[in-house]
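The values are calculated or read from the model by the stated rules, or taken from the named source; none is laboratory data. Every value quoted in this text rests on a predicted model; they were computed, and no experiment measured them. Using ideal geometry, Cβ is built from the backbone for each residue, glycine included, and neighbour counts are taken over all protein chains shown. In case anyone asks, the SASA skips ligands and DNA or RNA and just uses the protein heavy atoms, side chains included. Shrake-Rupley method; radii C 1.70, N 1.55, O 1.52, S 1.80 Å.
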Amino acid sequence: MSSVVSRQSPQPAAGQAQQFDAVIVGAGFAGMYMLHRLQQRGLAVRLFEAGSGVGGTWYWNRYPGARVDVESMEYSYSFDEDLQQEWSWSERYAAQPELLEYMNHCADRFKLRPNMQFDTRVTAAVYDEDTRGWRISTDRGDEVSAKYCILATGFLSAGDVPAFEGLDDYQGNTYLTSRWPHEEVDFSGQRVAVIGTGSSAIQAITIIAKQVEHLYVFQRTPSYSLPLRNGPLDRDFERRVKAMYPEWRRRQREESRAGFIAVNNQPMAPNDKSALEVSEQERRADYEMRWESGGLCYYSSFADLLTNQEANETLAEFVREKIRERVDDPEVAELLTPRDYPIMAKRLCADTNYYETYNRDNVTLVSIKDAPIERLTEKGVVVRGQEYAVDSIVFATGFDAVTGAISRIDVRGRNGANLNDHWEGAPRAYLGLMSVGFPNLFFLDGPCANGALVSPMLLSEYQVEWVDRCIAHIGTGEAASVEPTQAAEDAWMQHMHDVSEGSLLYLANSWYMGANIPGKPRALLSYLGGLEAYRQQCEAGEADGYGKLVVTRSREAAEA
Ligand code: NA7
């Protein structure tokens, strides 16, 4: 496993003017793999990371109960067979500390640290027409130049605390799930408020409730949550997967909708029937089987669950029934039951005893659906004129997702054009990888790709390899330049629109739609075509010799 000593290996000093072939922003899964690939090519690369270590999401989200809600065996790098054979997860769904350990292990194993600079936030990236490269500035005074700039900033990294009135008046402790302190937080004996009931809150609430004197949960929209059924990793399952890992990964990529195939410890193809073409008995059997399996495997259930409201309602009602079974007080159960939007139109949640937590005497659910939080006071939270005095408030209020981290960097392309202006209304990016007017700039797990809706691991591996090949094709010499044609960007946006037609995702106010952030334009931020369709589209874009890109190859690349 990873060694603490190597985590302290020397890093580049801040504040030096330098020239690189590529700058990568972000040391999450995508940024780390990108660095590995470009290092292997012998390129001069600098990776900037705002945190003090690698991990991205898993560096920042240290709240109690934080863990991945897809199977550990599928939530790991697939690009290196030795790595996937040697690593052994302890739990079916890895917790944050173990995920961070894995990422540190990878950073050491692939010798990434010498080219990483931590505690450094990139503030601006400006395209220079003369050099056909980028000038990148950081909050530590770095001014570096690079032929390529790769934003691996993550789609759930820009944490958001809503502008509650009186936020600064509150005198107790405040915590944001996505910026949790490194030292353990002890809530024992405290009255605590959790604001939000999405995935992060659902994980945190079940743990915090056991520590506190009293927990108040402020819920605006109830989530659909499914039992995770976590536990120690089944060693027989691990052996079976490892014995066929390359084939398992192939099936994840090519024979799934979202990149996950494990159901009941078996690889399982998506159910291609309509939920309405089968008998009620058959439908229920599928739902019960997945309920027992645990986790998010409903994404591979009936084919029309996200396109047909009647089909969707069959699953929604199944889960509502389960909520009623899990909560003792029928009134509380009703408040916890989502009724206003289709199941899966917001990201599904998965839990360990979440609903049962409301059966505890020290937990109170405060619905703020019809009466929002009025304000915070010195002592607590006010709803409907009632003040809930608390010692601590935990904001589990989500993210400015998909575009937030990119928009917080001042990105200027050709003619000084600002990326936020280019994306005003909705982000636009050919294959989710590049935008017109921003040559030599790549996005990983960014908007207009499907990172939010498929395995982010497999998608980012795929995108990294695409970018790596593209850079190799174009080269790093003076002349090298690449950007999509306007026609290619327009065609991709049209395709994105076409494949999302009829989707029930439009019917919920979710981060998928940018609808969780006041003032953010409501637009579908991700591609709904599925992982395999995305791969085929990207491959088509390469097979025609990058015909949809405006390419100027550097001399050495053209001669190679
Ligand atoms: P989410 O899923 O966006 O959840 C945020 C929660 O915070 C959600 O319940 C929101 O209610 C609530 N919220 C946001 N703003 C407010 C205000 N102003 N007042 C009250 N409540 C508010 O973020 P998570 O961190 O839980 O999960 C993000 C992803 O991480 C998740 O989807 C997985 O992919 C992993 P709302 O639903 O908007 O009414």
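Using the structure shown, decide if N418 is more than 16 Å from the ligand (Cβ to nearest atom) and within 27 Å of the chain's Cα centre (by Cα).
Considered against the rule, which asks whether it is more than 16 Å from the ligand (Cβ to nearest atom) and within 27 Å of the chain's Cα centre (by Cα), N418 comes out as yes.
When region 262-281 is examined, which residues are found to be in contact with a helix residue (DSSP H, G or I) (Cβ under 7 Å, 6 or more places away or on another chain) and either surrounded by fewer than 16 Cβ atoms within 10 Å (Cβ to Cβ) or not hydrophobic (A, V, I, L, M, F, W, C) (or both)?
N264, N265, P267, P270, N271, S274, L276
Of everything in region 434-449, what is part of a loop (DSSP other than H, G, I, E, B) and buried (at least 23 other Cβ atoms within 10 Å of the Cβ)? Give them in sequence order.
If the condition is that a residue be part of a loop (DSSP other than H, G, I, E, B) and buried (at least 23 other Cβ atoms within 10 Å of the Cβ), then S435, F438, P439, N440, L444, D445, G446, P447, C448, A449 are the ones that fit.
Could you list, in sequence order, all residues of region 160-202 that are near the ligand (Cβ under 9 Å from one of its atoms) and open to solvent by 20 Å² or more (accessible area, probe 1.4 Å)?
D160, V161, P162, A163, F164, G198, S199, S200
Could you grab the pairs with beta carbons closer than 9 Å, sequence gap of 6+ or different chains, first residue in region 130-157 and within 16 Å of the ligand (Cβ to nearest atom), second one of a type in the set (K, R)?
Listed by first residue and then by second, the contacts come to T153/R408.
Every residue, every condition in (1) surrounded by fewer than 18 Cβ atoms within 10 Å (Cβ to Cβ); (2) of a type in the set (G, A, S), yes or no:
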| site | (1), (2) |
| --- | --- |
| K111 | yes, no |
| Q117 | no, no |
| T120 | no, no |
| T131 | yes, no |
| I150 | no, no |
| G154 | no, yes |
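Residue check: is Y127 open to solvent by less than 50 Å² (accessible area, probe 1.4 Å), closer than 23 Å to G404 by Cα and either away from the ligand (no atom under 16 Å from the Cβ) or among the aliphatic types (A, V, I, L, M) (or both)? Give the steps one after another, and end with the answer.
Numbers: open to solvent by less than 50 Å² (accessible area, probe 1.4 Å): yes; closer than 23 Å to G404 by Cα: yes; either away from the ligand (no atom under 16 Å from the Cβ) or among the aliphatic types (A, V, I, L, M) (or both): yes.
Answer is yes for this residue.
Can you name the number of the only condition in (1) open to solvent by 10 Å² or more (accessible area, probe 1.4 Å); (2) farther than 18 Å from V402 by Cβ; (3) of a type in the set (F, W, Y) that W423 fails?
Unmet for W423, out of (1) open to solvent by 10 Å² or more (accessible area, probe 1.4 Å); (2) farther than 18 Å from V402 by Cβ; (3) of a type in the set (F, W, Y): (2).
Considering region 205-261 alone, what residues qualify as being of a type in the set (V, I, T), within 16 Å of the ligand (Cβ to nearest atom), open to solvent by less than 40 Å² (accessible area, probe 1.4 Å) and outside any helix (DSSP H, G or I)?
V217
Take the residues of region 61-81 that are open to solvent by 30 Å² or more (accessible area, probe 1.4 Å) and under 18 Å from R250 (Cβ atoms): which is nearest to the ligand (Cβ to nearest atom)?
Ranking the candidates gives F79 first.
If we scan region 33-48, do we find a residue that is modelled with pLDDT under 95, hydrophobic (A, V, I, L, M, F, W, C) and closer than 30 Å to L176 by Cα?
Within region 33-48 (the criterion being modelled with pLDDT under 95, hydrophobic (A, V, I, L, M, F, W, C) and closer than 30 Å to L176 by Cα), the answer is no, since none of the residues qualifies.
Okay, residues lined up against (1) charged (D, E, K, R); (2) touching a residue at least 60 places away in the same chain (Cβ under 8 Å); (3) at negative phi:
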site	(1), (2), (3)
T314	no, no, yes
E317	yes, no, yes
V327	no, no, yes
P330	no, no, yes
L335	no, yes, yes
D340	yes, yes, yes
I343	no, yes, yes
L348	no, yes, yes
T352	no, yes, yes
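Based on this model, can you work out whether S510 counts as under 30 Å from S200 (Cβ atoms), open to solvent by less than 10 Å² (accessible area, probe 1.4 Å) and modelled with pLDDT under 95?
no
What number of residues in region 458-488 are farther than 18 Å from L35 by Cα, open to solvent by less than 30 Å² (accessible area, probe 1.4 Å) and not in a helix (DSSP H, G or I)?
So the answer is 6.
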